[in-house]
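Everything on this sheet refers to the single structure shown next.
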Amino acid sequence: MTMKLLLLVAVVEVACLVSGILSFGSETLSELSFLENDVVSTARPSSSSQPLMVDLTLIQGADSKGAVCLDGTVPGYHLDRGFGSGADSWLIHLEGGGWCNTIRNCVYRKNTRRGSSKHMENQIPFTGILSNKPEENPDFFNWNRVKLRYCDGASFSGDSEDESAQLQFRGQKIWLAAMEELMSKGMQKADQALLSGCSAGGLASIIHCDEFRSLFPKSSKVKCLSDGGFFLDVMDVSGGRTLRTLFGGVVQLQELQKNLPKSCLDQLDPTSCFFPQNMIEHVETPLFLLNAAYDVWQVQASLAPPSADRLGSWNECKSNHANCSSSQMQFLQDFRNQMLSDIKDFSSSSQTGLFINSCFAHCQSERQETWFADDSPLIEDKPIAVAIGDWYFDREVVKAIDCAYPCDNSCHNLVFNFK
């Protein structure tokens, strides 16, 4: 089996890459976030059939509860009804798309689909974990499947506003309004439920996991999945902490301390409690972590962003891991080792699950070719969809941790061509 490469043409101007160094080049971060999520949302299944297109539903009356996007518009979601044995089972998938950590880039963001339902697509394809086809999504194809759109810029967790900039930071209220709406549409009868999410949505699925569990009776099977959401608080290539600076801005601007786990806040500062490595020990509901050991979003935007690599010595490595020098590859191996160290205690619990593959990827549950296909990524001959299904339905204990790069030839590695 040959290693797969996905070529992404990132139209990011040099001026954009260099701009905003003092604020971590938030436009750069936004572009990278939008790029990856665009690739995810427009991916097509490897089969010849076209994906199911699902309409956008706006949450009417959400504004009366203060549950609004950055620009004050009501939030939305896409729902495809379950059938047969899955009629009373629900999968809620939280969309990702980076964060905004300053007034300036939240104002920029509110004029995009990441900050306004006015700019959201009327239909999106349901692929991967959202597919309605058993050959593409063997365990969840006939469940009620929902994609909750992301328009608050803080992983569905903020609760504040900036009147002068006409910005609403209401992620927590969006989460609550969406859950209330879905419960009224039949989710209150769920005997099985899974909260999942990708990237910033994967972080949100960790934050809201126990809240989600509390919606259902104890007799219901309820678990959570975080895909590409395990963001690490680590040093960047310049010795700084780019992602901590970004997260600190998000936490302060949107007052996230109101909605982070109190048990974590009793021990650490709010910014630290926004990092999954410090949050997972406080999650009581069964949680599965799906993550690439060499997460390309973190390589691009956290480990080697332009603000930390002003000479561009990491540009070739960031665009294609095959171009990394031995010292750069060692830096990435150290990142993987830190990730494995941070999940060591988490993995010891019998109720948790892991799929950490040694790929240069990000968000692998939404794309059909990485979720479940003839050549999808494997660990010990098991694809991601089967691993998560085995864990959810208690068929097997799943603690799948790949050997270090370059041993895995089943990866769908992302390669960027910055122009």
Qualifying residues in region 36-62 (those that are more than 17 Å from Lys147 (Cβ to Cβ) and either among the small types (Gly, Ala, Ser) or surrounded by 19 or more Cβ atoms within 10 Å (Cβ to Cβ) (or both)) - the one modelled with the highest pLDDT: Gly61
Go through region 243-275 and report how many residues are assigned to a helix (DSSP H, G or I) and under 24 Å from Leu70 (Cα atoms). 18
One residue from Asn101, Asn105 being open to solvent by less than 10 Å² (accessible area, probe 1.4 Å), closer than 23 Å to Lys258 by Cβ and polar (S, T, N, Q): Asn105
Is it true that Val386 is at pLDDT 95 or above, open to solvent by 10 Å² or more (accessible area, probe 1.4 Å), in a helix (DSSP H, G or I) and not charged (D, E, K, R)? yes
Conditions (1) in contact with a Gly (Cβ under 8 Å, 6 or more places away or on another chain); (2) open to solvent by 20 Å² or more (accessible area, probe 1.4 Å); number of the one not met by Ser117: (2)
Got a number for residues in region 367-378 being part of a loop (DSSP other than H, G, I, E, B), open to solvent by 10 Å² or more (accessible area, probe 1.4 Å) and touching a strand residue (DSSP E or B) at 6+ places or on another chain (Cβ under 9 Å)? 3
Suppose the filter is part of a helix (DSSP H, G or I), closer than 16 Å to Ala293 by Cα and in contact with a Cys (Cβ under 9 Å, 6 or more places away or on another chain); does Met339 pass it? no
Taking the condition of being assigned to a loop (DSSP other than H, G, I, E, B) and in contact (Cβ under 8 Å) with a residue 12 or more places away in the chain, how many residues in region 120-147 meet it? 16
Selection within region 304-333 - touching a Cys at 6+ places or on another chain (Cβ under 9 Å), open to solvent by less than 30 Å² (accessible area, probe 1.4 Å), part of a helix (DSSP H, G or I) and of a type outside the set (A, V, I, L, M): Cys317, Lys318, Gln328
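Listed here are the residues, each with its yes/no results for (1) free of Cβ contacts under 8 Å to residues at least 12 places away in the same chain; (2) within 20 Å of the chain's Cα centre (by Cα).
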{"residue": "Ser157", "(1), (2)": "no, yes"}
{"residue": "Gln166", "(1), (2)": "no, no"}
{"residue": "Lys173", "(1), (2)": "no, yes"}
{"residue": "Glu180", "(1), (2)": "yes, no"}
{"residue": "Met187", "(1), (2)": "no, no"}
{"residue": "Leu195", "(1), (2)": "no, yes"}
{"residue": "Ser219", "(1), (2)": "no, no"}
{"residue": "Cys224", "(1), (2)": "no, yes"}
{"residue": "Phe230", "(1), (2)": "no, yes"}
Among the residues in region 68-80, are any closer than 28 Å to Gln192 by Cβ, open to solvent by 10 Å² or more (accessible area, probe 1.4 Å) and either over 16 Å from the mean Cα position of the chain (by Cα) or among the acidic types (Asp, Glu) (or both)? yes
Checking Ala361 against (1) of a type outside the set (Phe, Trp, Tyr); (2) surrounded by 13 or more Cβ atoms within 10 Å (Cβ to Cβ); (3) not in a loop (DSSP other than H, G, I, E, B), the condition it does not meet: (3)
Do you know which of the residues in region 152-197 that are small (Gly, Ala, Ser) and in contact with a Lys or Arg (Cβ under 6 Å, 6 or more places away or on another chain) is farthest from Glu95 (Cα to Cα)? Ala177
Run down Thr242, Thr285 and say which single residue is within 30 Å of Gly86 (Cβ to Cβ) and either modelled with pLDDT of 95 or more or aromatic (Phe, Trp, Tyr) (or both). Thr285
Being crowded, with 23+ Cβ neighbours inside 10 Å and not in a loop (DSSP other than H, G, I, E, B) is the requirement here; does Ser157 meet it? no
Count of residues meeting criterion [outside any loop (DSSP other than H, G, I, E, B), surrounded by 16 or more Cβ atoms within 10 Å (Cβ to Cβ) and basic (Lys, Arg)] in region 166-220: 2
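The values are calculated or read from the model by the stated rules, or taken from the named source; none is laboratory data. Nothing here was measured: the structure is a model prediction, and the numbers come from that model. Cβ atoms come from the backbone with ideal geometry, glycine included; neighbour counts cover every protein chain shown. Ligands, DNA and RNA are stripped out before the accessible areas are found, and what is left, the full protein with its side chains, is counted by its heavy atoms. Shrake-Rupley method; radii C 1.70, N 1.55, O 1.52, S 1.80 Å.
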